[in-house]
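What follows is a single structure, written as structure tokens, with notes after it.
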Amino acid sequence: MEGPFKYIREGNGKVSRVIRMGTRKSQLARIQTDSVASRLKELYPDVRLEIVAMSTIGDKILDTALSKIGEKSLFTKELENALERNEVDIVVHSLKDLPTSLPTGFTIGAILQRENPHDAVVLHPKNAGLTLDSLPEKSVIGTSSLRRAAQLKKRFPQLEFENIRGNLNTRLKKLDEKDDYAAIILAAAGLKRMGWENRISQILGPEDCMYAVGQGALAVEVRAQDRDILEMVSVLHHPDTVLRCISERAFLKQLEGGCSVPVAVHTEVKGSMLYLTGAVYSLDGADCLKDSMQTCVEIDNKVSESAQECVHVAVTANNISSSALDAAEKLGMNLANVLLDKGAKDILTTARKLNDAR
């Protein structure tokens, strides 16, 4: 029987393969995993999929800002442990939760087409119809992201920003049922996937708030040696999204940034050109280094012979032109080096120290 994976014959004579998909327990994580499962089911109707849900460190520690926990794999470690123990075969993540370097033996085998990567303003019901510009002075905005707070403090100095934790359901409940926050900032992609688009009062464009590396994209993590699984999920790759996210991840990796420092990006593919804007900020947004670069990423079908082992910032995309992948990675590194030459390291080091001291 043909196919990129092994088949098993069940009692009724039907031939199928069981693929166990690991996911976080949150409603959004389940929705995201279900969407990947339905894509795989369409492509491989003979495969039986089982979903294994588990809690991660980031789901359990809800009284501390993410940037203060000091653990890079907040939402991924338990899932990767299950992958390592062969308890699951693939894991579905929000790409922005995945560090730019993965533990040995793991790789990102698919990056799906990106949902809107921008941040969204969700207003307290009493502020319906307002925007961040028109909210009363000293209004409190809830966000758990240093990146969002740094940019928005600079752009909206009349507002105050306070930490808010919890999954999407919890944060919306905190907003609606109390008077602590005038609004909260969330990823538009998550709200859209939950079917809560009607709660979006304002989408923040790059002039107000650039997004996080990988935001809005889903990633499928697999064991690097599982060639059949790798080949199976690789058809989910969305070439433009892959190139954009590789450039963003390479930018972050070269800066040695993480969730404890404010780093933001904006990318676009137009024709054969990939455009990347990247920035680093001080915690209060007062210091900012920002620049843009572009490169040609003509997508052709020429995949190099050595592409089997070609990994770019932990992403394996054997079915995408290796020269385009190389160009995207180089773009991110080059832009990071430009900012480092201008003093980005000092801004990030200070931001990290101040955040640790809070």
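For the reader, a short list of remarks on this structure follows.
- In order along the range 158-163, the Karplus-derived 3J(HN,Hα) couplings, from 6.51 cos²θ - 1.76 cosθ + 1.60 at θ = phi - 60°, round to 7, 9, 10, 10, 10, 5 Hz, and Gly and Pro are given as x.
- With respect to the chain, whose longest principal axis is taken over its alpha-carbon atoms, helix 168-177 is tilted by about 30°.
- Taking amide hydrogens as placed 1.01 Å from N in the peptide plane, the amide H of Gln202 sits under 5 Å from those of Val121, each at least 5 positions away in sequence or on another chain.
- Between 0 and 90 degrees, the angle of helix 344-357 with respect to the longest Cα principal axis of the chain falls at about 80 degrees.
- Principal-axis tilt of helix 322-341 within the chain, Cα atoms, nearest 10 degrees: 30
- For the chain: relative contact order, % (alpha-carbon pairs under 8 angstrom, 6 or more apart): 19
- On the principal axes of its alpha carbon atoms, the range 140-237 extends 54, 29, 22 Å, with the longest extent given first.
- Anisotropy class of the range 170-294 from Cα gyration tensor, a/c 1.5 cut: oblate
- Computed [θ] at 222 nm, deg cm²/dmol, the chain (DSSP H ≥ 4; -39,500 (n - 2.57); rounded to nearest 500): -10000 deg cm²/dmol
- Calculated accessible area for the chain comes out at 44 Å² per residue, all protein chains present (probe 1.4 Å; ligands, DNA, RNA ignored).
- Exceeding the 18 Å Cα-Cα cut-off - candidates Lys138/Lys173; Lys154/Lys290; Lys253/Lys345; Lys96/Lys154; Lys153/Lys173: Lys138/Lys173; Lys96/Lys154; Lys153/Lys173
- By accessible area with a 1.4 Å probe, ligands and nucleic acids excluded, highest first: order of Cys310, Cys209, Cys296: Cys296, Cys310, Cys209
- Cα gyration tensor, the range 196-264 - rounded (a/c under 1.5), prolate or oblate: oblate
- Taking amide H atoms as placed 1.01 Å from N in the peptide plane, the amide H of Gln113 lies under 5 Å from those of His238, each 5 or more residues away in sequence or on another chain.
- Sorting 336-348, 190-202 by their mean Cβ neighbour count within 10 Å, with the most densely packed peptide first, gives 336-348, 190-202.
- Carbon-plus-sulfur accessible fraction, the range 262-301 (probe radius 1.4 Å, protein heavy atoms only): 41%.
The values are calculated or read from the model by the stated rules, or taken from the named source; none is laboratory data. Source: prediction; values computed, not measured. All Cβ positions, glycine included, derive from the backbone under ideal geometry; neighbour counts span all protein chains shown. Areas reflect the complete protein model, heavy atoms only, side chains present, ligands, DNA and RNA absent. Shrake-Rupley method; radii C 1.70, N 1.55, O 1.52, S 1.80 Å.
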